[in-house]
1. In debye, nearest 20: dipole of the chain around its Cα centre with unit charges on the Cβ of K, R (+) and D, E (-)?
2. For the stretch 228-298 and the stretch 90-153, what is the separation of their C-alpha centers, rounded to whole Å?
3. All other residues with a Cβ under 15 Å from the Cβ of Leu166 taken together, and with Lys, Arg as +1 and Asp, Glu as -1, what is their net charge?
4. Quick check on packing: order 22-35, 307-320 by the mean number of other C-beta atoms within 10 Å, highest mean leading.
5. The stretch 179-239: which trypsin sites (Lys or Arg not before Pro) are DSSP loop and have at most 16 other beta-carbon atoms within 10 angstrom?
6. Which whole-number percent gives the relative contact order of the stretch 121-176, counting Cα pairs below 8 Å spaced six or more residues apart?
7. State the percent of C-alpha pairs, over all pairs in the chain, separated by a distance greater than 36 angstrom.
8. Taking 8 Å as the Cα distance limit and 6 or more residues as the minimum spacing, I'd like the relative contact order of the chain as a percentage.
Amino acid sequence: MTRLVVHGARKVDAEGLVDDFWLVADGAHITATGTGTGWRQAADGADDGADGASDYRANADPVGSHVIDAHGQWLTPGFIDLHCHGGGGHAYDDGTDELRAALATHRAHGTTRSLVSHVAAPLASLRASLSLVAELTATDPLVLGSHLEGPFLALERRGAHDARFLLEPGPEAVEELIAAARGTLRTATIAPELPNALEAIGVLTEAGAVVGVGHTAADYAQASRAFAVGARLLTHAFNAMPGIHHRAPGPVIAAIENRDVTLELILDGLHVHPSVAALLFREVPGRVALVTDAMAAAGATDGDYRLGGLNVTVHDGLAVLSGTDTIAGSTLTQDAALGNAVTLAGVDPVAAVTALTRTPARVLGEEHRLGLLRAGYVADAVLLDHEWHAHTVVADGSVL
């Protein structure tokens, strides 16, 4: 087992910003952190690696260690994406090989832990997709499970979901999909105004899924009821839902008012204006989760693609249903979302990084092991240059 050492970094995570930071990882977990030169002793096991230790073995790297000198660049925890459909020219719903290729694209951009999102499709197809992800989680710990985005969505707010496959959340369909996931359904989106929706929220929550309100025509009262009965997420805030009106506050205000609710945000500069994104960060500190909602064109080129059963055209990085102006996911990667948060929306780096790490970890109940650069936590980390481009990604203590 090779010991990993990263030193000379400018660390930023939910606990703050620290210069001249180092960490040591043995296997999948961080074993020590500090500042200054103590990393050599910690890596050699000479002491506990306390700050201010003398420069031990100053001219040689610790034996048996993989040492990375960050040269003052940003070091963050690994990013967690709650909402993604593909990347690198590959779609998550096109089979195992395509799924792995798409995951590799996002991992290269810092996403060390992912949910696999499923668009509306025939129930048999959704069952197969959920089962495939369940199998993948058994062999790939970086895949945290599934996000069921379709099929329980409002027709008029369906976005890029195929209208043919939208369903009311009846008990039989809900139980069927839960069973297919075999305990790996982590989040599910639902339009709470649909018949049986409030009951379905309870069933999904009891099965261990975090329910998000989204692709909905719900008003403020309907969204508030959904949060009251257990929904804890707002799927891509502002998109595919009524906006904020001074006499009709809508789902976004209902989510803001409930302190137990986390709000997803697609920060590509296209889905939500940067000034609105900045407003959301100020209004609900620690409750924004930056997601990509990426489709196959993320990390790839403009052109024609498929999303579920629908054709998508990508031009200048904007994905729309072919022949329409309906946005069809994004071409975003999470390092780009981080850069946009800081440079376009003016979000403090600590808050921006938190929205990619600690906050999504908390949504999934994983905050005890993911989302911080702290001893005892999983050794997931991203080195980024000064323009927030990921260039070295570590997951489970290994460089990807």
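1. 460 debye
2. With the stretch 228-298 and the stretch 90-153 each reduced to a Cα centre, they are spaced 23 Å.
3. Combined, the nearby Lys, Arg, Asp and Glu give -2.
4. 22-35, 307-320
5. Arg182
6. With pairs under 8 Å counted, the relative contact order is 35 percent.
7. 23 percent
8. 20 percent
No value in this document is a laboratory result; all are computed from the given coordinates. Computed from a predicted structure; not experimentally measured. Neighbour counts are summed over all protein chains in view; Cβ atoms, including those assigned to glycine, are modelled from backbone coordinates with ideal geometry.
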